[in-house]
1. Name the residues in segment A:137-161 that are at the interface with chain B (Cβ under 9 Å from one of its Cβ atoms) and over 19 Å from A:PRO19 (Cβ atoms), would you?
2. Can you name every residue in segment A:258-293 that is at the interface with another protein chain (Cβ under 10 Å from one of its Cβ atoms), more than 20 Å from B:VAL150 (Cα to Cα) and part of a helix (DSSP H, G or I)?
3. Of everything in segment B:174-194 that's surrounded by fewer than 20 Cβ atoms within 10 Å (Cβ to Cβ) and not aliphatic (A, V, I, L, M), which residue is farthest from the other protein chains (Cβ to nearest Cβ)?
4. If we keep just the residues of segment B:137-148 that are of a type in the set (A, V, I, L, M) and open to solvent by less than 10 Å² (accessible area, probe 1.4 Å), which is farthest from A:GLU283 (Cα to Cα)?
5. Run A:THR220 past the list (1) over 25 Å from A:LEU302 (Cα atoms); (2) modelled with pLDDT of 95 or more; (3) β-branched (Val, Ile, Thr) and report the number of the one that doesn't hold.
6. Sort out which residues of segment A:294-332 are within 16 Å of the chain's Cα centre (by Cα) and in a loop (DSSP other than H, G, I, E, B), and write them in order of number.
7. Does segment A:152-169 contain at least one residue that is at pLDDT 95 or above and touching a Phe, Trp or Tyr at 6+ places or on another chain (Cβ under 8 Å)?
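The values are calculated or read from the model by the stated rules, or taken from the named source; none is laboratory data. The model shown is predicted, which means the values in this text are computed figures rather than measured ones. Neighbour counts run over all protein chains shown; Cβ positions are idealised from the backbone, glycine included. The accessibility values were calculated without ligands, DNA or RNA, using every heavy atom of the protein model including side chains. Shrake-Rupley method; radii C 1.70, N 1.55, O 1.52, S 1.80 Å.
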Amino acid sequence: MSQVPTSIDFRANSQQVPPKMPAAVQKATAKFLGNRAALVEALGNDLWQTLRQAGHDLRLHAINHLDHYLEQAERQVTKAGGHVHWARDAEEARRIVLEIAGQHRAKLVVKSKSMATEEIGLNHALESAGIRVLETDLGEYIVQLKGMGPAHIVVPAFHLSKEEIAELFHEKLGVDAPAEAEKLTQIARMKLREEFLAADLGVSGGNFLVAETGTIVTVTNEGNGRMCCTVPPVHVAVVGIDKVVPDWESLTVLLKLLARSATGQKLSCYTQFISGPPQTREETGPQEMHLILLDNGRSRILQTPECRETSICIRCGACLNICPVYNHVGGYAYGYPISGPTGAIFASQILGVKAAGALPFASTLCGACNDICPVKIPITEILLHLRHRVVEGDELEGAAAPYALRMGAQAGAVAFGTTWLYRFGSQVLKRLQAPFVREGWMAKLPAPLDRWTTSRPFPAFAADFRQWWRRRSR
Amino acid sequence: MNSAREEILGKVREALGRRPGTAVPSVPPSARVGPRKAGDPEAEIAQLLAEIGKLSGATRRLGSQDDLRVALADLVKAEAVTKATLWTTPDLAAWDVAGTLRTLGVELVSPQADKHLVAACELGVTGVDAALPETGTLLLRSAADRPRVVSLLPRVHLAIFPPRALQVDLHQAFADAKDAGYSVLVTGPSRTADIELTLTLGVHGPKALYAWVMNEP
């Protein structure tokens, strides 16, 4: 994802999903869900539910007192010798990174996986300024070579086969590689090792920001996160203001929930805690540390109490894995780096319903996401609120749905709410459809309803429920 | 810059209906379970090493200085170590890890040397500041005698620590670690499943993790 999207057409995107995507998605999600379930079982469901509730309460407490904890985090980072910057929007955040890069005459930037930097389109901005920027998470590295964004927030390149990756490495890196995961990983290690050592600037996100000590927490498996925050002379962390947690005691709960929910690990391989730059030269590590606190619409999410819990997400990806819609279309259809149910509620508020009003409808409202969410976000309730915002508007935004849809919805409400009109309408429909019905199905409908029948027949309208009920009661 | 700060904090306060400096209620309980009770020390060590083993780490329980010498000789041979870098903590000094490596013909590189030189080491030796048996996790703090790059850049990471490093859980480990400027939890060697979900060890961090519990120096 190189640029910030201005309009998302989920329907059109989902029609362009490659045929092999659903199978690849389902293979991955089934594996993650299986690993997760085994660990939850080992822990015991009672304990797991206790942890979920505590995770929810702790995160919501932090969000409900966000100004207090942000100020505390800022004080602590500054005290530790780090530089704190505030960015109102994507443009401001990009400018701050570019300024830091400029001060250090940076030519090469290495990045560890960060959804916040995807959100602000950082790579594109750096490249436009003539700075080379490399994604270093293996999956992100692969999709970057391919010129794409992440298809999943935890495993960005899971939809590509090892043959495709071998071909990509041949084409872009000029190396002949056998199509084996092990060999391909070693090639990426070798290539990126040189880049880590040569990089002028390391950019990371942050899974959490601990207010108590101003500590940036990153959770990774590959070690690239450690590389980006240790090897280059300057470290810049771009962290959303909603990532704050009060203290280390709260962090214990969230770490237990995160790794289990994301990849089915008790703890991820490397969990890193960074409070400012190193205090002594002997410690090794970057000489300078910058924290960019990114708003970019997050403060707006807080305005609607019904939607506020959007902000407590810990980005584990479990709701993507369980979602029947995500499992059929994969990440790209959402047109945003954060996909799935949590992406749908986040993106439609960050971008606004004019740009992303399609996303709240990209759900069956089955509620599996609510049940699996480790911090108990009521995702479907928020989706419903956002659907309401799209169609009728609310105190925050005007309606975004086309006039015809709004009129249609209102007409439907009148028809279904008025007994005589409903009965009259059903009789009329039954007569009108008669010439087109063959064995209970209609093969073609007149425009504009033919959009349905281009791909499948439409069931004939039976319309005799009242009659059927009367007969049945006799 | 400041205006951005004021504007963001202002918007947050307005959305939450809070005034600057308003008191914050205490943090909700953290579902602290237990506290977990540590069992018999040797059983705890066995559990720790078993968990690290499950994550493809190589583990040993060592007693005497001779055990350590033999184990180091094995490792140097198995991993074809020619250059190593290490922490300068009192434990590693008391066990004379540096001296032993030198007698095994290994060249020692200062962790503060140029990063290319450190990255060329096959082996980095550290202690740990805490070890958690439940998850097979090692906690490494950063300090002048504990440089960060030692456990990161070399191909093999060896952690040697005494039984007293074992702690019951994250709560206890964090109580000490939270005031460190930098620390990292290491749970097994570097890994990825980014290519077709095939588990592969050694992406960017060390390819191999050795964890040895050694009796007090």
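1. Kept after step one, since they are at the interface with chain B (Cβ under 9 Å from one of its Cβ atoms), are these residues of segment A:137-161: A:137-142, A:155-158, A:160-161.
The answer is A:ASP137, A:LEU138, A:GLY139, A:GLU140, A:TYR141, A:ILE142, A:VAL155, A:PRO156.
2. Once the filter is applied, which keeps residues that are at the interface with another protein chain (Cβ under 10 Å from one of its Cβ atoms), more than 20 Å from B:VAL150 (Cα to Cα) and part of a helix (DSSP H, G or I), segment A:258-293 yields only A:ALA259.
3. In this case the residue turns out to be B:ASP176.
4. In the first step, residues of segment B:137-148 are kept if they are of a type in the set (A, V, I, L, M); the result is B:138-140, B:143-144.
Going one step further and asking which of them are open to solvent by less than 10 Å² (accessible area, probe 1.4 Å), we end up with B:138-140.
Values: B:LEU138: 18, B:LEU139: 16, B:LEU140: 12 Å.
Selected residue: B:LEU138.
5. (2)
6. A:ASN296, A:GLY297, A:CYS313, A:ILE314, A:ARG315, A:CYS316, A:GLY317, A:CYS323, A:GLY330, A:GLY331
7. Within segment A:152-169, not a single residue is at pLDDT 95 or above and touching a Phe, Trp or Tyr at 6+ places or on another chain (Cβ under 8 Å).
Yes or no, residue by residue, for (1) more than 23 Å from A:ASP247 (Cα to Cα); (2) free of Cβ contacts under 8 Å to residues at least 60 places away in the same chain:
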{"residue": "B:LEU16", "(1), (2)": "no, yes"}
{"residue": "B:SER26", "(1), (2)": "no, yes"}
{"residue": "B:LEU49", "(1), (2)": "yes, no"}
{"residue": "B:SER56", "(1), (2)": "yes, no"}
{"residue": "B:SER64", "(1), (2)": "yes, no"}
{"residue": "B:ALA71", "(1), (2)": "yes, no"}
{"residue": "B:ALA80", "(1), (2)": "yes, yes"}
